[in-house]
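Here's the structure, in structure tokens; my notes come after.
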Amino acid sequence: MTSSRARLAFFISAVLMAAPVYAAHVHRSTTSSQTTSHTLSHGKRRASRRVRGQQAIEPERVTQIQGALIREHYLAGPANGKWDPTTVAAMQKYQADHGWQTKLMPDSRALKNLGLGPDYSGAINAQGSNFSGPSAGGGIAPTTQTAGFTEASGVKQ
């Protein structure tokens, strides 16, 4: 009995020690949807960095942003549709004045604040809807309802 346990323990330990040796030689090929890789000097491959996110702003959008910055007195001159250093500096100044990040593309809060946020008027659930504000009562509950809550709570006013 002891000898069979010893053999089993030896067999399991041999398998566990041999597994990393075989795993080191497994070759995985890359497909076209994966990142490309570069071969290093000693033959190993290193994955390259994939560029993500928005890389440039469309000229029409730049013209809209420039117009809003001109309206807010952060940019002088006519809108030319080019994301040039003057426009970048004006946008960074606008974002800094409002306490937002200034190192990346325009902040979504800045664009919304400039009146350039998303337009939901064409959304499926927007058609036929009434986007009016709250009623003139200012959101205050009717006096009978308020009186009922006050009476039930036992608080004397």
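FYI, it's all coordinate maths here, none of it is from the lab. Note that this is a predicted model, so its numbers are computed, not measured. Here Cβ is always computed from backbone atoms with ideal geometry, including for glycine, and neighbour counts include all displayed protein chains.
Points to keep in mind about this one:
- Of the peptides 119-125, 68-74, the ranking by mean beta-carbon count within 10 Å, highest at the top, reads 68-74, 119-125.
- Spin-label pair Asp119/Lys93, simplified geometry with 7 Å Cα→Cβ offset, distance in nm: 2.9 nm
- The stretch 39-125 shape via C-alpha gyration tensor axes, a/c threshold 1.5: prolate
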